[in-house]
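Reading through the structure tokens given below for one structure.
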Amino acid sequence: QLVESGGGLVQAGNSLRLSCAASSLTFSAYTMSWFRQAPGKDREFVGGISWKDDSTTYADSVKGRFTISRDNRKSTVYLQMNGLKPEDTAVYYCAARLSIVVVPATGGNLYWGQGTQVTVSS
């Protein structure tokens, strides 16, 4: 089970940190990713972090603004979002994949959280 938290309403330029707490899986063996889905759009990859070496991969749209980290002791992955823009408004989902590398895709064998809403006002 994955449970996201930390979403909310913020003004453009501000920051938010999302958390995703995992249970009932061996968290340290999963590559963790964040995705987002805006109204009327497909779910898209935001970024991910490998379990093997904590290497990260980001979508071009968030590179340099968002940072993903994980704490295996707490079975939690974080998404630090700085410099938020109105186009970052979406429901944000975390996902766990049994993979060494980050796979920037929604398909395949993934565990999903329920999502948390992020709204950025201009």
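The values are calculated or read from the model by the stated rules, or taken from the named source; none is laboratory data. A quick note: this is a predicted structure, and the numbers were derived from the prediction, not measured. Note that each Cβ is placed from the backbone with ideal geometry, even for glycine, and that neighbours are counted across all protein chains shown. Only protein heavy atoms, including side chains, enter the accessible area calculation; ligands, DNA and RNA are left aside. Shrake-Rupley method; radii C 1.70, N 1.55, O 1.52, S 1.80 Å.
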### Message
I want to confirm something. Restricting to segment 55-97 and keeping residues that are assigned to a loop (DSSP other than H, G, I, E, B) and in contact with a Ser or Thr (Cβ under 8 Å, 6 or more places away or on another chain), which single residue is nearest to residue 7 (Cα to Cα)?
### Response
89
## Note on the structure
By residue number, the members of segment 24-51 that are open to solvent by 50 Å² or more (accessible area, probe 1.4 Å) and over 19 Å from residue 105 (Cα atoms) are 24, 26, 28
### Query
Which residues, counting only those in segment 70-90, are touching a residue at least 60 places away in the same chain (Cβ under 8 Å) and within 13 Å of the chain's Cα centre (by Cα)?
78, 79, 80, 81
### Task
Output yes when any residue across segment 28-50 is in contact with a helix residue (DSSP H, G or I) (Cβ under 6 Å, 6 or more places away or on another chain) and in a loop (DSSP other than H, G, I, E, B), and no when none is.
no
### Query
Restricting attention to segment 77-122, which residues are surrounded by fewer than 19 Cβ atoms within 10 Å (Cβ to Cβ), more than 17 Å from residue 13 (Cβ to Cβ) and not hydrophobic (A, V, I, L, M, F, W, C)?
99, 104, 106, 107, 108, 109, 111, 114, 115, 117
#### Entry: Filter result for residue 67 (touching a residue at least 40 places away in the same chain (Cβ under 8 Å) and surrounded by 15 or more Cβ atoms within 10 Å (Cβ to Cβ))
no
